[in-house]
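Working notes, beginning with the structure itself.
The values are calculated or read from the model by the stated rules, or taken from the named source; none is laboratory data. Note that the structure is a prediction, hence the values are computed from the model and not measured. Glycine also receives a Cβ, built like all others from the backbone with ideal geometry; neighbour counts cover every protein chain displayed.
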Amino acid sequence: MSRARAVWQRVPAPVVDIVLVAVAAVDVWLNMWDHTRLGVALAAVGCAALVFRRRFPLGVFLLTLPIALMQDVAVVVLVALFTLAERSRNRRLLAGCVTLSAVASSTPWPLADVDRTMTLVFFVYGLATAAAPVLFGQLLQAQRDLARRLAEIEEAREHERALHAQAVLARERAQLAREMHDVVSHQVSLIAVRAGALQVAAKDADAKEAAHTIRSLSVTTLDELRTMVTLLRASGGHATELTPQPTLADLRKLVESSGTHVELSGELPPNVGTPAQRAVYRTVQEALTNVRKHAPGARACAELWQDGDDVGVTVTNTAPTRPSLPLPGSQLGLVGLRERADILHGTLEAGPTAEGGYRVRLRIPLSAD
């Protein structure tokens, strides 16, 4: 089934349209009752309109309605209904179009004495016939939405796994850097000090030379250790991803790599402390992660601002454009942000907006340290 569908999808759209127009024209010609000039003209317009069914599905359906008056089951009407159902999410509109199709197919043509019983039977039959392509079109639409959401979920999981791996690597780097700085560097410093003392106290020339060599090597080793510690604390060329202590300098790259359409505006004064910068960064990071998970297709705006002695950031997103699927989460992201804000004597507000979106607002003192 999937192989046949893949082969069908590789067929160019113009070829599909030409085939459908030809099939619809043959169907109309074989089954049409009204062969007057008006009837033939309406049938030709309805069949030719199928070429534009992807761009104007509702208009094409309306153009095919006269053909439903001329024969019981018209391929052209069913194709138009299927295309409309595949592209529209308006259930009321689809129900109305099904009803219109059933009314057109059950109305006697040419107009004559109406047999109410047979008209009702034909109307019910027309409803069932018209509902079939609509249901099939809606099924394909739901299948595409589900495939897109599954792809987004898998992408989000890959992104989270990459972030987790980067966080683990950053912690290991930081721990190793601390061990080297606090233990190894301390011991090498003691060696250098003892060697210097030995160099001063020694009377033998060979002993002085040995002490001098030990001291020189110790100093060189200390310089190399400082370089290694610096490298371990750095990101290795990926500041936003690997640096364990991000700042405002990393904010733009975070926005660009978030996978969401985000507008970053405003700026903070240059004297904002490092803890405050990290709080702003983590707030934007968590808010954009929530947008990606729970508001697919939404747009977001991250605004940096200063209000007197306070600074902060407001992240607002619009309502989702596509239905979201439930994703597993710890529900602790905002809790952690509030705890971080409390430590800095600030506040964090989060909640839905009147337009159906969501807003996260962090406020911390400019002097937070």
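Checked against (1) over 27 Å from the mean Cα position of the chain (by Cα); (2) under 22 Å from A22 (Cα atoms); (3) of a type outside the set (S, T, Y), P108 passes all but condition (2). Checked against (1) at pLDDT below 80; (2) in a helix (DSSP H, G or I); (3) hydrophobic (A, V, I, L, M, F, W, C); (4) exposed (fewer than 13 other Cβ atoms within 10 Å of the Cβ), A41 passes all but condition (1). Residues that are modelled with pLDDT under 90 and farther than 27 Å from R299 by Cβ occur in region 245-261; there is at least one.
Looking only at residues of region 265-277 that are surrounded by 18 or more Cβ atoms within 10 Å (Cβ to Cβ) and either in contact (Cβ under 8 Å) with a residue 60 or more places away in the chain or not in a helix (DSSP H, G or I) (or both), we find that the one that is farthest from the chain's Cα centre (by Cα) is V272.
Of R91, R53, all but one fail to be surrounded by 22 or more Cβ atoms within 10 Å (Cβ to Cβ) and of a type in the set (K, R); the exception is R53. Say we look at region 278-308 and pick out the residues that are at pLDDT below 90 and over 27 Å from A167 (Cβ atoms); which of these is surrounded by the fewest Cβ atoms within 10 Å (Cβ to Cβ)? Looking at the filtered set, the residue picked out is G308.
So which residues in region 17-28 are surrounded by fewer than 18 Cβ atoms within 10 Å (Cβ to Cβ) and at pLDDT 80 or above, if there are any at all?
Passing the criteria: I18, V19, A22, V23, V26.
Taken over region 80-117, the criterion of being of a type in the set (S, T, N, Q), outside any helix (DSSP H, G or I) and modelled with pLDDT under 80 is satisfied by T107 alone. Residues that are among the basic types (K, R) and surrounded by fewer than 15 Cβ atoms within 10 Å (Cβ to Cβ) were ranked within region 114-153; the one that is nearest to E286 (Cα to Cα) is R148. Check whether at least one residue in region 154-161 is of a type in the set (D, E) and surrounded by fewer than 12 Cβ atoms within 10 Å (Cβ to Cβ), and report yes or no. The answer is yes; a qualifying residue exists. With respect to the conditions (1) of a type outside the set (A, V, I, L, M, F, W, C); (2) modelled with pLDDT under 70; (3) in a loop (DSSP other than H, G, I, E, B); (4) on the phi < 0 side of the Ramachandran plot, S189 falls short on a single one, namely (3).
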